[in-house]
Amino acid sequence: MVKPAFRLRKATTEDFSEFYNFHVHSCYHWLFNKEIASEEDNPFDVTFEDNYFFSKEDQQRLHHELINFNLNDFEKYLQWYRIFMIIVDKKIIGFVKFETYCKQFIIRSWAMHYEYMNPELLKALLETFETYAPKKSSVIQVISMGYSPARSLLEEHGYHAHTIPFFEKSCQKLPE
């Protein structure tokens, strides 16, 4: 089977408007959604519930930061994270945000337009993302609430739920 055609391009400040659209609309953050939502979902219509990982106050603060996200914040992201725009047929269809911390290579965020979320492309992207892990990394960690289809994809590729929302895979299992 032929791998789907895509490319990753390192994000620049010129990508802010595209990044912002994916960043603020929760329907694109498929690693966290129970089901793929529609583009019409309102990213600002949020209800706060008790959560194992975040308190209501944490969620409200994060929500406030999200809706006020600006170019200056994006420039800080570009300094702190490795962000790549995902491109298919010359169209930006999403982004991935990586971080390296204490020998962990972390896929911090992976947002994509829902029309492109087919299993073959997701698998090919995940395999490519893994090649970006620095050699000194001992594990690859993906931050996901573990809902289907995210959980299925991650488990098929050797990840296990460490503690939700963290899935991990040993770097020793990666092909060289």
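Would you mind telling me which numbered condition in (1) modelled with pLDDT of 90 or more; (2) open to solvent by 10 Å² or more (accessible area, probe 1.4 Å) LEU66 fails?
(1)
Does the stretch 145-153 include one or more residues that are crowded, with 20+ Cβ neighbours inside 10 Å and either farther than 19 Å from HIS29 by Cα or within 12 Å of the chain's Cα centre (by Cα) (or both)?
yes
Looking at the stretch 60-170, what helices (runs of 4 or more DSSP H) fall wholly within it and have at least 1 residues that are touching a Phe, Trp or Tyr at 6+ places or on another chain (Cβ under 6 Å) and touching a residue at least 40 places away in the same chain (Cβ under 8 Å)?
Ranges flagged: 71-80.
Working only within the stretch 5-20, note down all residues that are surrounded by 16 or more Cβ atoms within 10 Å (Cβ to Cβ) and among the acidic types (Asp, Glu).
Once the filter is applied, which keeps residues that are surrounded by 16 or more Cβ atoms within 10 Å (Cβ to Cβ) and among the acidic types (Asp, Glu), the stretch 5-20 yields ASP15, GLU18.
Exactly one of these conditions fails for SER137: (1) at pLDDT 95 or above; (2) over 13 Å from the mean Cα position of the chain (by Cα); (3) open to solvent by less than 30 Å² (accessible area, probe 1.4 Å). Give me its number.
Among (1) at pLDDT 95 or above; (2) over 13 Å from the mean Cα position of the chain (by Cα); (3) open to solvent by less than 30 Å² (accessible area, probe 1.4 Å), the lone unmet condition for SER137 is (1).
The values are calculated or read from the model by the stated rules, or taken from the named source; none is laboratory data. Computed from a predicted structure; not experimentally measured. Note that we place each Cβ from the backbone using ideal geometry, even for glycine, and neighbour counts take in every protein chain shown. Calculation scope for accessible area: heavy atoms of the full protein, side chains included, ligands and nucleic acids excluded. Shrake-Rupley method; radii C 1.70, N 1.55, O 1.52, S 1.80 Å.
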